[in-house]
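Below is one structure; the comments refer to it alone.
The values are calculated or read from the model by the stated rules, or taken from the named source; none is laboratory data. Every value quoted in this text rests on a predicted model; they were computed, and no experiment measured them. Neighbour counts run over all protein chains shown; Cβ positions are idealised from the backbone, glycine included. SASA here: full protein model, heavy atoms, side chains in, ligands and nucleic acids out. Shrake-Rupley method; radii C 1.70, N 1.55, O 1.52, S 1.80 Å.
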Amino acid sequence: MESILEQQRKAHEEIERLEQAIVDQFMNDPKSHKERLAREHRVSDFLDRISSRSKFLYELYLDSDMARKTEIDALSGTSEFSEFYGRLKAIKDYHRRYPNETVEPLELEFINQTKSNGEDELDKLFSGEEGSGRFLDLHALHEQYVNLKNVKKLDYLTYLSEFDNFAEYPKENKHGEYIKYLEDLRSYLESFFGRVKPLSNLEDIKETTRKSFLQQWESGNFPGWEKQIGSDEDNNLFCAACRKGYKKQTVFDAHLTSKKHIKAANAMVKRGIISIDRETQEKLLEEAEKEKSSREREVAFIEALIRKYAEILGSQREDTKANVERKRALTDRERRMELEAEEVDDIESESEDEDKIYNPLKLPLGWDGKPIPYWLYKLHGLGVEYPCEICGNYVYMGRKAFDRHFQEWRHAHGMRCLGIPNTRHFHEITLIEDAYALWEKLKSSGKTDEFKPDTMEEFEDQDGNVFNKKTYDDLKRQGLL
């Protein structure tokens, strides 16, 4: 079993790896809608893992069972060496029992996750009508809406424009099937929102919507619910058995013969309640009004949430309307051609993904156009940076490139601009100040190595004798060569 400190170390490492994986995801710009959506879902999964590991770390640091303190005391007490060798022996015994056990580094896990583009899983999240999150699919909800009582029978395109307009629906009919329809509509929009915008916080949106809704509700100007409950009900038209008030005498009289009222009245008689005085009736009326107000406020809040979701998903809503209008204008043959074109595009995008070179570590490319092996990258020290101020703060990767650059044009040009000869004395000198200091020292000591043609340029005669330029010219003028 791993020690508490080792569990903490692993959790910290995993969190750092996850943070780096999120950074790597945002370093690459997505080229299509599906790539962007797949990236956001991967980042959302990484954030969930960070949250889970942070919670695990918090519980370990809380140390409610004092296991961490006991372990630290054992390591820092008088028997720390025996504790160390005991743990070392346990590790050796484990590897002796399992000598060939393969261990995958944590870094490879995130590399393998980044390799998978996630578009296959993305296709499973959306229906064909939703087009990978570009369009809404409200066909089932539209059918549920047109089957409600006292609603205008709208076609699908009109419904897409007005599904969040609840003020036109009568307040008296907002119960039963209407509430079920609202719950289904809210559930779908929340599900679609979570799939299209996985990095957005749905709970924050709900909380913000609730605050603005309560302000409108208390002021009595929420759309569709402007008139407060019980404002036009008479206490004489209140049924204590049904705990419900009525607006008209005819409706009140008619309900007295209904099965629901008779059942409620019999239940009151069984409880020993035969008659109700005025005070009790007013109390029951007040309780009924509170229950009704609470129930209607919940319905109104669902409507407010749906309006907010429709506002946030405005672009998808407009794209859906445009897509429905476009499909209506297509013939059957054009629809089939469109489906075939989409299949061809998917195949081409898959082939493009296969041709892409996967290089998350930004390794240099070899002679075959592919990244060089990581061990070769480490062997040559290509991850070490060598800046040179004389070259205009150019950075050379690896010792080999750094040593070679002193004879290359960029460093020679920088030395020429400084007015200093690029000789072997200035090898390893990268700072301008150091180059000037060494040049002054060489000039004062007479070791400048300036090129003097008369003494340093060499010539060879027909017999193979070598002379400097001055001696060669003198002998030639005398006719001795």
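Too long at a 24 Å Cα-Cα cut-off: which of LYS153/LYS174; LYS69/LYS89; LYS149/LYS327; LYS174/LYS260?
The answer is LYS149/LYS327.
Using a ≥ b ≥ c from the Cα gyration tensor of region 29-100 (square roots of the eigenvalues), is it rounded, prolate or oblate, where a/c under 1.5 gives rounded and otherwise the larger of a/b and b/c decides, a/b for prolate?
Because a/c hits 1.5 or more and a/b fails to exceed b/c, region 29-100 counts as oblate.
How would you order 33-40, 357-364 from highest to lowest mean count of nearby Cβ atoms within 10 Å?
Top of the packing list down: 33-40, 357-364.
With the other protein chains left in place, how much accessible area per residue, in square angstrom, belongs to region 131-226 at a 1.4 angstrom probe? Intermediate values should be presented prior to the final figure.
Numbers: 5020 Å² over 96 residues.
Roughly 52 Å² per residue, with all protein chains present.
What number comes out for accessible area per residue over region 1-102 if the probe is 1.4 Å? Units Å², please.
Values: 7400 Å² over 102 residues.
Value for region 1-102: 73 Å² per residue.
Quick one: what are the phi-derived ³J(HN,Hα) couplings along region 146-160, Karplus 6.51/-1.76/1.60 with θ = phi - 60°, whole Hz, x for glycine and proline?
So the J values, rounded to whole Hz, are 5, 8, 6, 7, 6, 10, 6, 7, 9, 6, 5, 5, 5, 4, 4.
Percent of accessible area on region 371-481 owned by carbon and sulfur, 1.4 Å probe?
52
For region 15-105, what % of the accessible area comes from carbon and sulfur atoms, probe 1.4 Å?
Heavy-atom surface of region 15-105 belonging to carbon and sulfur, 1.4 Å probe: 56 percent.
So for each of 415-424, 295-304 I average, over its residues, the number of other beta carbons within 10 Å; can you give me the resulting order with the highest mean first?
The most tightly packed comes first, giving 295-304, 415-424.
Output the pairs from LYS152/LYS308; LYS171/LYS206; LYS180/LYS308; LYS152/LYS197 with a Cα-Cα distance over 21 Å in this structure; if there are none, say none.
Too far apart for the 21 Å limit: LYS152/LYS308; LYS171/LYS206; LYS152/LYS197.
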